[in-house]
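A.B. asks: Here's a structure for you.
The values are calculated or read from the model by the stated rules, or taken from the named source; none is laboratory data. This structure is a prediction, so every number in the text was calculated from the model and none was measured. FYI the Cβ positions are ideal-geometry reconstructions off the backbone, even for glycines, and counts take in every protein chain you see.
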Amino acid sequence: MIKAGIIGSTGYAGAELARILLRHPEAEVVWYGSRSYVDESYAKIYGNMFQLVEDSCLDDNLLELSRQADVIFTATPQGFLAGALTEEILGNAKVIDLSADYRIKDVGVYEEWYKIKHKSPQFIGEAVYGLCEVNREKIKGARLIANPGCYTTCSILTAYPLVKEGLIDANTLIVDAKSGVSGAGRGAKLPNLYCEVNENIKAYGVTTHRHTPEIEEQLGYAAGEAVTISFTPHLTPMNRGILATEYASLKKVRQPDGSYAFPDGAQVKAVYDAYYGKETFVRVLGEGAYPETKWVEGSNFVDIGFQIDARTGRIVMMGAVDNLVKGAAGQAVQNMNLLFGFPEQEGLETAPMFP
């Protein structure tokens, strides 16, 4: 049994961590950290935890927490962990950060997109990007995990095999993504009020969304060269879920007879299956079957489908995730399982909720 602490436990991602870890057979939460609710009963803040969690919230003292826990989850705003992390903390406990502080390797790019000064760039080099299906072996030996963002998890996994195998031109990639309101966090903000969101869908962060360089960097590793994409997120009137619809130009590939032609549906499906066929949490639906957010809600699954457009020589790829689970807390627990040698699916085998 390992001991876990959550800093930012009263945000949506932190609460989802608490929910998942509650049923994890190898983990015990010993610290529900929250700067805003110190000494308040956790079950009073989240009534779903009544008679399940008896603890009161503690503060965000990372050093003290590192002396009590084996793993620390930081579900905190950008800049918090970068301003607090020390070698002593990392020497005491593994750290899985759900913010963007250590996701981007170029500190200048981070500071440009997030508009804050990075206070501990010395740890960026060793941080492992915690996309388990891509970096599984690197994760196992890490001290510091940069847990990917929700949009990025969905966007990268949806396109990754085709970028890696050269079936698409990654620099033509357009990602059109929709998210539920929980992706914006629990803080009170005018754009997230019921009357602002209900019966409405809107684009935001157009050409400026902070997940853009994260997607570009990771797909650049797959492509073996710098990648530039167009990414536009949208806010939709639902609690959970992300649907990413991605468009890219196909590249001609060598056929068995030696000629070159655009790949067909069977070839694309074969590539997806080669990468994800043995993955527990990636479900490849195949050509003509389209993911829906309702079929992944409450789960750690990613559903992926695609459709080739022979008329234009392009492919439409689609991915769906629950932004709070595979897009945040579930993926963090998946990383924890890898770090401590547990079965990767431990505590995460819940079927999607419907209705």
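Each row is one residue, and each column tells you yes or no for (1) out of contact with any strand residue (DSSP E or B) (no Cβ under 9 Å at 6 or more places or on another chain); (2) buried (at least 20 other Cβ atoms within 10 Å of the Cβ).
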| site | (1), (2) |
| --- | --- |
| LYS94 | no, yes |
| ARG103 | no, yes |
| GLU126 | no, no |
| CYS132 | yes, yes |
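A.B. asks: Then there's this: Output the residue which, of all residues in the range 300-355 that are among the small types (Gly, Ala, Ser) and more than 18 Å from LYS178 (Cβ to Cβ), is farthest from the chain's Cα centre (by Cα).
C.D. replies: Within the range 300-355, the match that is farthest from the chain's Cα centre (by Cα) is ALA310.
A.B. asks: Restricting the search to the range 134-148, which residues are out of contact with any helix residue (DSSP H, G or I) (no Cβ under 6 Å at 6 or more places or on another chain) and either surrounded by 23 or more Cβ atoms within 10 Å (Cβ to Cβ) or part of a loop (DSSP other than H, G, I, E, B) (or both)?
C.D. replies: Of everything in the range 134-148, those that are out of contact with any helix residue (DSSP H, G or I) (no Cβ under 6 Å at 6 or more places or on another chain) and either surrounded by 23 or more Cβ atoms within 10 Å (Cβ to Cβ) or part of a loop (DSSP other than H, G, I, E, B) (or both) turn out to be GLY141, ALA142, ALA146, PRO148.
A.B. asks: Then there is this: Modelled with pLDDT of 95 or more, surrounded by fewer than 16 Cβ atoms within 10 Å (Cβ to Cβ), of a type outside the set (A, V, I, L, M, F, W, C) and within 22 Å of the chain's Cα centre (by Cα): does that describe ASP39?
C.D. replies: It is false that ASP39 is modelled with pLDDT of 95 or more, surrounded by fewer than 16 Cβ atoms within 10 Å (Cβ to Cβ), of a type outside the set (A, V, I, L, M, F, W, C) and within 22 Å of the chain's Cα centre (by Cα).
A.B. asks: Now a separate question. For residues that are under 20 Å from LEU131 (Cα atoms), touching a strand residue (DSSP E or B) at 6+ places or on another chain (Cβ under 8 Å) and of a type in the set (Val, Ile, Thr), tally how many sit in the range 158-190.
C.D. replies: Count: 2.
A.B. asks: Moving on to the next point. When the range 79-110 is examined, which residues are found to be of a type in the set (D, E, K, R) and within 11 Å of ILE124 (Cβ to Cβ)?
C.D. replies: The answer is ASP101, ARG103, LYS105, ASP106.
A.B. asks: Being part of a strand (DSSP E or B) and on the phi < 0 side of the Ramachandran plot is true for just one of ALA159, ALA177. Which residue is that?
C.D. replies: None of the others qualify; the one that does is ALA177.
A.B. asks: Something else: Residue check: is ALA222 closer than 25 Å to ASP322 by Cβ, at pLDDT 95 or above, in contact with a strand residue (DSSP E or B) (Cβ under 9 Å, 6 or more places away or on another chain) and not in a loop (DSSP other than H, G, I, E, B)?
C.D. replies: no
A.B. asks: Go through GLU214, GLU199 for me and flag whichever is in contact with a Pro (Cβ under 9 Å, 6 or more places away or on another chain), crowded, with 19+ Cβ neighbours inside 10 Å and farther than 18 Å from ALA320 by Cβ.
C.D. replies: GLU214
A.B. asks: I'm told GLY187 meets every condition in (1) within 17 Å of ALA328 (Cβ to Cβ); (2) modelled with pLDDT under 95; (3) surrounded by 15 or more Cβ atoms within 10 Å (Cβ to Cβ) except one. Can you identify the failing condition by its number?
C.D. replies: With respect to (1) within 17 Å of ALA328 (Cβ to Cβ); (2) modelled with pLDDT under 95; (3) surrounded by 15 or more Cβ atoms within 10 Å (Cβ to Cβ), GLY187 is out only on (3).
A.B. asks: Right, another one. Do you know which of the residues in the range 217-244 that are closer than 21 Å to PHE301 by Cβ and free of Cβ contacts under 8 Å to residues at least 60 places away in the same chain is surrounded by the fewest Cβ atoms within 10 Å (Cβ to Cβ)?
C.D. replies: ASN239
A.B. asks: Would you be able to tell me the number of residues in the range 227-243 that are touching an Asp or Glu at 6+ places or on another chain (Cβ under 6 Å), among the hydroxyl-bearing types (Ser, Thr, Tyr) and in a loop (DSSP other than H, G, I, E, B)?
C.D. replies: Looking only at that region, the number is 0.
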